[in-house]
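Novice: Pasting in a structure now, in structure tokens, and then I'll have a few things to ask.
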Amino acid sequence: MKIAENLSRLGTESAFVVLAKAKKLEAEGKEIINLGIGQPDFRTPQHIVDAGKKALEDGHHGYTAANGTLELRGSVSSYIKRMYGASVDPSRILITPGGKPTIYFAVMLFGEPGAEIIYPEPGFPIYESMINYSGAKAVPMYLSDKNNFSFNCKEVLSLINKKTRLLILNNPQNPTGGLIPKEQIDELVEGLKQYPHVAILSDEIYSRQIYDNKKMPSFFYYPELYDRLIVLDGWSKTYAMTGWRLGWSVWPEQFIELVTRMAINSYSCVSAANQVAAMAALDGPHDFLDDMMEKFNKRRKLIVEGLNSIKGITCNNPGGAFYVFPNVSGTGLSGSQFADKCLYEAGVAIVPGTSFGKSANDFVRFSFANSYENIEKALEKIKKIL
């Protein structure tokens, strides 16, 4: 039976592969500390859960508009105004089952044979996977630990040519935790004026996980780009709602009808009850975020200092998200070898750097979305095997 050739170009998300290995070892009776998966280890706040339950009890069981209920899109619009002072008409907002549909829609909107799409490497593996699937050429924008995994503006602009259709950015970043400062984004935005044919996808899913009292340098601060800017955000990371599958994105007016059609042709709509819960998240109290970030910040300090105390490992201090991306080449091991050694000898699950791009052979990703005590224990276990 013959299947479509482009399916052979689909990649995967290796964190789930590591999770499967860890679960297998646990089933065999081994104790595993999972520092591999990228999701908050907190419960969804109770007022959000209660809103979802009430919505089910009240009969929110049917289809909604494919782009999301008007009420929820209005809440997203108000949230953007509160956070960034930007005025976004609800008609330009798309509610999605998680963040990935926005990545998929953006890449499929611009990607085809002969086109080029620039993406960050190391980066979220779905970017490159979707670009390859579309038939476009995936052009990596290399990020280095030497400048805390930010980009060099001149290097990024040098990658653009007449075939370039889309530039993908992620800030704060997965897998590195890097936070691109506003000054560099200012410079990039100025440079992009020379290339009006290039659209921008700004993945800002970790927008509320930023440290050291810094402000989120969102692309919403650049209205001159709105006619070619797609911004992705959602509920998964901010509200500990990864399993609820809820995301939102803002699109240029000229594209919103097309991507709504793509939604109709794929998932129809997002769960009606979940959309009610999503409104409760945006419109309700946010004090739990302070507690979450206080815990993440303590864990960040612990894991950065702990890894840097191990001979052969160097670890940058992340500016956002809940990941560190240390260089382990000083141990004499590649990132993949180091990750396997940690899993099978120390019982600590982490993700090899090459899961996020071929250039990251010397790196591994640790998620500190686990308890302080488990992170302490994991660091001790790793020290013992090196």
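Listed here are the residues, each with its yes/no results for (1) of a type in the set (S, T, N, Q); (2) surrounded by 13 or more Cβ atoms within 10 Å (Cβ to Cβ); (3) modelled with pLDDT of 95 or more; (4) assigned to a loop (DSSP other than H, G, I, E, B).
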| position | (1), (2), (3), (4) |
| --- | --- |
| 38 | no, yes, no, yes |
| 51 | no, yes, yes, no |
| 54 | no, yes, yes, no |
| 72 | no, yes, yes, no |
| 82 | no, no, yes, no |
| 94 | no, yes, yes, no |
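Novice: Against the conditions (1) free of Cβ contacts under 8 Å to residues at least 24 places away in the same chain; (2) in contact with a strand residue (DSSP E or B) (Cβ under 7 Å, 6 or more places away or on another chain); (3) within 29 Å of residue 40 (Cβ to Cβ), where does residue 138 fall short? Just the number, please.
Specialist: (3) is the only condition that residue 138 fails.
Novice: What number of residues within the stretch 31-57 satisfy the criterion of being farther than 24 Å from residue 209 by Cα and in the same structural domain as residue 299 (by TED's automatic domain parsing)?
Specialist: Residues in the stretch 31-57 being farther than 24 Å from residue 209 by Cα and in the same structural domain as residue 299 (by TED's automatic domain parsing): 2 in total.
Novice: Can I ask one more? Considering the stretch 339-371 alone, what residues qualify as being among the basic types (Lys, Arg) and in a strand (DSSP E or B)?
Specialist: Correct list: 365 only.
To keep it simple, each residue is scored yes or no on (1) under 22 Å from residue 148 (Cβ atoms); (2) loosely packed, with under 14 Cβ neighbours inside 10 Å.
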{"position": "254", "(1), (2)": "no, yes"}
{"position": "260", "(1), (2)": "no, no"}
{"position": "265", "(1), (2)": "no, yes"}
{"position": "278", "(1), (2)": "no, no"}
{"position": "314", "(1), (2)": "yes, no"}
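Novice: Also, quick follow-up: What pairs can you find where one residue is in the stretch 216-241 and closer than 20 Å to residue 280 by Cα, the other is basic (Lys, Arg), and their Cβ atoms are less than 7 Å apart, with a gap of 6+ or different chains?
Specialist: From residues that are closer than 20 Å to residue 280 by Cα, the pairs are 238/208; 240/43.
Novice: Just checking, does the stretch 289-300 include any residue being closer than 26 Å to residue 37 by Cβ, among the basic types (Lys, Arg), in the same structural domain as residue 328 (by TED's automatic domain parsing) and loosely packed, with under 14 Cβ neighbours inside 10 Å?
Specialist: For the stretch 289-300, residues closer than 26 Å to residue 37 by Cβ, among the basic types (Lys, Arg), in the same structural domain as residue 328 (by TED's automatic domain parsing) and loosely packed, with under 14 Cβ neighbours inside 10 Å: present.
Novice: Looking only at the stretch 306-363, count how many residues are of a type in the set (Val, Ile, Thr), within 22 Å of residue 23 (Cα to Cα) and in contact with a Lys or Arg (Cβ under 9 Å, 6 or more places away or on another chain).
Specialist: Total satisfying the criteria: 3.
Novice: For the stretch 101-123, enumerate the residues that are outside any loop (DSSP other than H, G, I, E, B) and of a type in the set (Gly, Ala, Ser).
Specialist: Selection gives 106 alone.
Novice: What are the pairs with Cβ atoms under 7 angstrom where one residue, in the stretch 56-73, is farther than 14 Å from residue 278 by Cα and the other, located anywhere, is assigned to a loop (DSSP other than H, G, I, E, B) and not hydrophobic (A, V, I, L, M, F, W, C)? Sequence gap at least six, or different chains.
Specialist: As it stands, the answer is 63/268; 66/268, since those pairs meet every condition given.
Novice: Oh, and also: Out of all the residues in the stretch 222-245, which are outside any helix (DSSP H, G or I) and under 13 Å from the mean Cα position of the chain (by Cα)?
Specialist: Correct list: 231, 232, 233, 234, 235, 236, 237, 238.
Novice: What pairs can you find where one residue is in the stretch 284-302 and over 20 Å from residue 324 (Cα atoms), the other is of a type in the set (S, T, N, Q), and their Cβ atoms are less than 8 Å apart, with a gap of 6+ or different chains?
Specialist: Close Cβ pairs satisfying both conditions: 289/238.
The values are calculated or read from the model by the stated rules, or taken from the named source; none is laboratory data. All of these numbers come straight from a predicted model, not from anything done at the bench. Every residue, glycine as well, gets a Cβ built from its backbone with ideal geometry; the counts of neighbours run over all protein chains shown.
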